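This report concerns only the one structure given below.
The values are calculated or read from the model by the stated rules, or taken from the named source; none is laboratory data. For clarity, every value in this text was computed on a predicted model and none was experimentally measured. In this analysis, Cβ positions are derived from the backbone assuming ideal geometry, glycine residues included, and neighbour counts consider all displayed protein chains. Accessible surface areas use protein heavy atoms only, side chains included; no ligands, DNA or RNA. Shrake-Rupley method; radii C 1.70, N 1.55, O 1.52, S 1.80 Å.
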Amino acid sequence: MKKNIVSVLIAALFTVFGLFVLSLSPERSSGDAFDARVQKLLGKMTLEEKVGQMTQVTIDLILKDDKTNEIDEQKLRYAVVEKNVGSILNVKGHAYTLDTWHTIQRSIQELAISETPNKIPVLYGIDAIHGNNYVKSSTLFPHNIGMAATRDLSLAKRVTEATAAETRATGIRWNFDPVLGLGRQPLWSRFEETFGEDVYLVSTLGEATIKSYQGESMDQPLNVAACMKHFIGYSLPLSGKDRTPAHIPDNVLREYLLPPFEHAVEADVASVMINSGEINGVPVHASSYYLTTLLREELGFKGVAVSDWEDVIRLHTRHRVAASPKEAVRLAVEAGLDMSMVPLDFSFYDLLLDLVREGTIPEKRIDESVARILKLKFKLGLFSDPFPEEEAIQRFGLPEYKDVALEAAEKSMTLLKNENNVLPIPSSSKILLAGPSANNVSSLFGSWSYTWQGRDEAHYPGSILTIKEALENKVGTDNVLCRSVRNYTDERNFAIGQLQSDAKNADYIVLCLGEDAYAESPGVIDDLTLDTDQIALAEGAVATGKPVILVLLQGRPRVISSIEGGMQGILLAYRPASKGAEAIVNTLLGENNPSGILPFSYPQHTGDVVLYDHKYTERIREDIPNTYGDGGYRPQWDFGHGLSYTTFEFGDLTIDKATFTEDESVTLTIGVTNTGSQGGDVAVELYARDLYASITPNFKRLKRYERVSLKGGESRKLTFTLNATDLSFINVAGERITEPGVFEFMVGTKTVSAELLGKGS
Ligand code: BGC
C-alpha cells in the first residue's frame, strides 16, 4: 500500500515536470496555452495591423505580371507591410514546381518576419483537394466521390496524410479542404468534391479526413490545418446551378446538412469556409444566425471563419443585400466572419478600417477575429519557423503515394453491370477502345488538377497514363485498336462510322464516356443526360452487335437510361486521378476485383431524382386512382450498389435485445461469406428504419458500414453497436429527439427489428 502511494507520488511529480517542460516549448503548447501569447501580441498591435490580419489576397497581387510566377518585391511590400495583409492564397494559372513554391514562401515570410512591426508570419492557404493539385509532379488521388465509394476510412486517412505531407512540403500549412456538403443535387457541378448523398457517410469520411490532415498537433511538419467547407447549404442549390439560391427549412438543414459539420467541430477542425450562396433569401456570408448562432454558439466552433472567393464584395454585387461595398463589409463582419478572401484588391482592408475608425464596428469585435487568426498561426508553428521545413520537403514525392493512389483508385471502381459475366475481359482478346476519355488525361482527374479547371492536358505530369496506354502496356499494342486523341472534344473521338468499321476485327468494344474536367460554375449543365454525341456513339457501338463495355469517367451521375440496355458491362470510375488508367485496366482485365459501391442513388431520369433515404410518399404513388403502388423509387442503380467478380452471401442478421431503452445500446451481428472461389472485398452496410415517427420517417438510413476482405470461401462475423442517438431525428422545432417505437435494421436483404421503449415503460 505504502509502495503504491510512493509510486503514485513519483508519477505525479513526473507528470508535473512533463507539463512544465511542455509549457517551455512555445509551439507544443495546447490550444488554450496559446491564449495568453495571443492576447499579449494583440495588445501590441495597431488597428491597421489587426484589420490586415483579417484580409486575405490572392497571389496575383504580389506577382510581377500575369505570365510569371515571380514575386514583385514592391507589390509584396505593399501588401504585407503597408496593408498588413495576414493571409495570401492560391496559385496563378497552374501548378508550380516545389522550388518555385519555396522561393515564393521564403520571400513572403522573410519580409513578414523582418519588416512588419510585430513580426507576424503570413498564413498561406491553398486548395489541395484530392492531393496537392497545385504543385507539379504531386500525386493526385480519386476525388471524394470515388473515395466515398471505397467505404474505407483507413484508406481515406492514408490519402489525406499524403496530401498533407505534399502540401506542407511546399511551405503551405493551410488546406481549404474537405468539402462537407452533401451530394444530393446531382446537377451541381461540384458533386465530385462531395462524399456523396448520405449524412453518415459524409460525416465519418469528413471527420477521418480532418483528423489526419491536422494530426496530433498542427505544428508538426507533416500536418496542415483543415478547412471544412462550405458552411452551409452550398451543395443544395434548388436549380442545380452553382452558387444559386437554396431553400432549406431549418429542421431539414439540421437533419441532413449540419451533422458533418458537427462531427468536424468535434474533431477540432481549425477553420471553416463559408457558403457563397443564399439560404431562404439570406446570403450565408451576411447571416449572424448561420455564422454565429449556429456555428459558434451551438456547434462550439472556435477556429477561423474565412469567406469564399470575393464573397464579401458579392453581398453588394450579386446578392444585393448591401447597398455599397462598405455595407457589405459591415454585414459580413457583424455576422461573424473572421477573414475575407477579398481577394483581388485591398478594399476589405480599407473599408473595415473606416468602419472601425468611425465607430460602426467596435475594435473589440476585430480583436475576437484577430485572436482566432493569430492562434491558428501559433498552432501551426509559424511563429517559430514559417519557412518550408526540411523534414516536410523530404516527404514530398514518396513512391508509396503512388501505391496509395492505385489502391484508392482500384477500391473505388464500381461495377454497375456485368451481364453474362462479360467482365473480366480475357487478356488475349482484340479490344476496340473508343470514346473521348479513352486516350485523354483530364477526364481521369476532373477539377483541381494542376489547374483549377483540370482541363489543360499540357499541365499534367508526363508520367500519367491514359486508358489506351495502360491497356497497351498490359495486353500489347497488337490487341488494342484505339483512334481516340487527347483533346476531349475532337471529332475523331466521336466518329461513329470509323468505330463501326473498326469493330469488325474486335472481340469487345470498350467505350469510355462521361465528362471532361470542369470545376465550379464552368461545370454548370442544364441537362443531366449524357451529352447527345456520346449517346449517339454508344448507340453506334451497340449496333455493331459486339459486346460493349461502358467505362464512365464523370463527376456526377449522367443519365444513361437510353443506352444502358445495350451495354453488357458498365464500370463507373468517377475521377480516379494519377493511377486511374491503371486501376480501370486492372479492373477490366480482372487483376483488380471491383469493390466500390455507389455513394449516391444513380438516377434513371433527369426529372426523377429520388434519393435512397427518401420519404414513403416519394415511393408509394397513387397514379392510378385509388390504387397504391410502390414504384416511386426507380433509380438506375441504388445507393450502395456495386458488383464484384465473386459472390457474397449474408447469414441471418441478429440483435441482442428485442426491446431496449434510451440508455441502452443494441448490438447487431451478421455473418458474411465469400461464396466464390476468388478473393474479394465487400462493404457491408447496416441500415435502420423508424417505422412511425412524428416527422415523416425516411425509408431507410445508413447507420454503419465496414469494408472486409475475404478469400474465396472465407466467412467473417461483423458486429455493429447502435444507441438511441443513432436512431434520433430532428423535430420541427429543430431539436434532436428519439421517439419510442419499433425500428427495423437491414443488411442486404436480411432484416431484424427491436422496440425502443418509452421512458417509464
Ligand atoms: C471555391 C472554394 C475555394 C476558393 C479558393 C472558391 O471559388 O468555392 O472552394 O477554396 O475558391 O480557391
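Computed in the context of the full set of protein chains, the accessible area of the chain at 1.4 Å probe radius has 51% of its extent on carbon or sulfur.
Of interest is the spacing of the C-alpha centroids, which for the range 339-356 and the range 269-309 amounts to 18 Å.
For Thr751, the residues whose amide H sits under 5 Å from its own are Leu653, ignoring neighbours fewer than 5 places away on the same chain, with H placed 1.01 Å from N. For Thr659, the residues whose modelled amide H falls within less than 5 Å of its own, excluding neighbours fewer than 5 places apart on the same chain, are Glu755. Taking a ≥ b ≥ c as the square roots of the eigenvalues of the Cα gyration tensor, an a/c ratio of 1.5 or more together with a/b no larger than b/c marks the range 45-393 as oblate. Against the chain, whose longest principal axis comes from its Cα atoms, helix 199-214 is set at around 50 degrees. In order along the range 682-699, the Karplus-derived 3J(HN,Hα) couplings, from 6.51 cos²θ - 1.76 cosθ + 1.60 at θ = phi - 60°, round to 9, 9, 8, 10, 9, 10, 9, 9, 8, 5, 9, 8, 6, 10, 3, x, 6, 4 Hz, and Gly and Pro are given as x. Spatially, the range 483-526 and the range 403-460 are offset by 12 Å when compared through their Cα centroids. Here the label points at Lys657 and Ala458, each 7 Å from Cα along the C-beta direction, are separated by 6.6 nm in the simple model.
Surface calculation, 1.4 Å probe, protein heavy atoms: Val551 sits at approximately 0 Å² accessible. Could you work out the percent of alpha carbon pairs in the range 455-593 separated by over 26 Å, rounded to a whole number? I get 21 percent for the Cα pairs in the range 455-593 exceeding 26 Å.
Sorting Lys241, Lys759, Lys375 on solvent-accessible area from highest to lowest, probe radius 1.4 Å, gives Lys759, Lys241, Lys375. Per residue, the accessible area of the chain comes to 38 Å² when a 1.4 Å probe rolls over the protein heavy atoms.
For the range 648-756, with equal point scatterers placed on the C-alpha atoms only and solvent neglected, what are the log10 I(q)/I(0) values from the Debye formula at q = 0.14 1/Å, to two decimals? Computed log10 I(q)/I(0) values: -0.58. Taking amide H as placed 1.01 Å from N in the peptide plane, the amide H of Asn698 sits under 5 Å from that of Asp690, each at least 5 places away or on another chain.
With a Förster radius of 25 Å applied to the C-beta separation of Arg318 and Lys67, the computed FRET efficiency comes to 0.25. Looking at the range 184-233, I'd like the Rg to Rh ratio, where Rg is from alpha-carbon atoms and Rh is Kirkwood's inverse mean 1/r. Value, to two decimals: 1.06. For the chain, the longest principal axis of the Cα atoms and the long axis of helix 347-357 meet at an angle of about 40 degrees. Please work out, to two decimal places, the log10 of the ratio I(q)/I(0) at q = 0.17, 0.21, 0.22 Å⁻¹ from a Debye calculation in which every Cα of the range 196-280 carries one identical scatterer. Those come out to -0.71, -0.97, -1.03, one per q.
The overall shape of the range 369-526, judged from the alpha-carbon gyration tensor, is prolate: a/c is not under 1.5, and a/b is greater than b/c. The fraction of Cα-Cα pairs per 20 angstrom bin, counted from 0 for the chain, comes to 16, 47, 32, 6, 0 percent, rounded to whole percents. Label positions at Asp268 and His614, each projected 7 Å from the Cα along the C-beta direction, are separated by 4.3 nm. Computed over the alpha-carbon pairs of the range 292-402, the distance histogram in 5 Å steps reads 2, 10, 16, 18, 16, 13, 9, 7, 5, 3, 1, 0 percent, short to long. Taking a ≥ b ≥ c as the square roots of the eigenvalues of the alpha carbon gyration tensor, the range 146-187 is oblate, as a/c is not under 1.5 and a/b does not beat b/c.
Per-residue 3J(HN,Hα) values for the range 729-741, derived from phi via the Karplus relation 6.51 cos²θ - 1.76 cosθ + 1.60 with θ = phi - 60°, read 8, 9, 8, 4, 7, x, 9, 7, 9, 10, 10, x, x Hz in sequence order (x marks Gly and Pro).
Helix 153-168 axis versus longest C-alpha principal axis of the chain: approximately 50°, rounded to the nearest ten.
Evaluated over the range 413-588, the count of Lys pairs having alpha-carbon atoms less than 20 Å apart is 10 (only pairs 8 or more residues apart or interchain). Kirkwood hydrodynamic radius of the range 349-450, from the reciprocal of the average inverse Cα-Cα distance over all distinct pairs: 20.7 Å.
With contributions of -39500 (n - 2.57) from each DSSP H run of at least four residues, the per-residue ellipticity at 222 nm computed over the chain stands at -8500 deg cm²/dmol. Put Thr100, Thr696, Thr139 in order of accessible area, highest first, and with a 1.4 Å probe you get Thr696, Thr100, Thr139.
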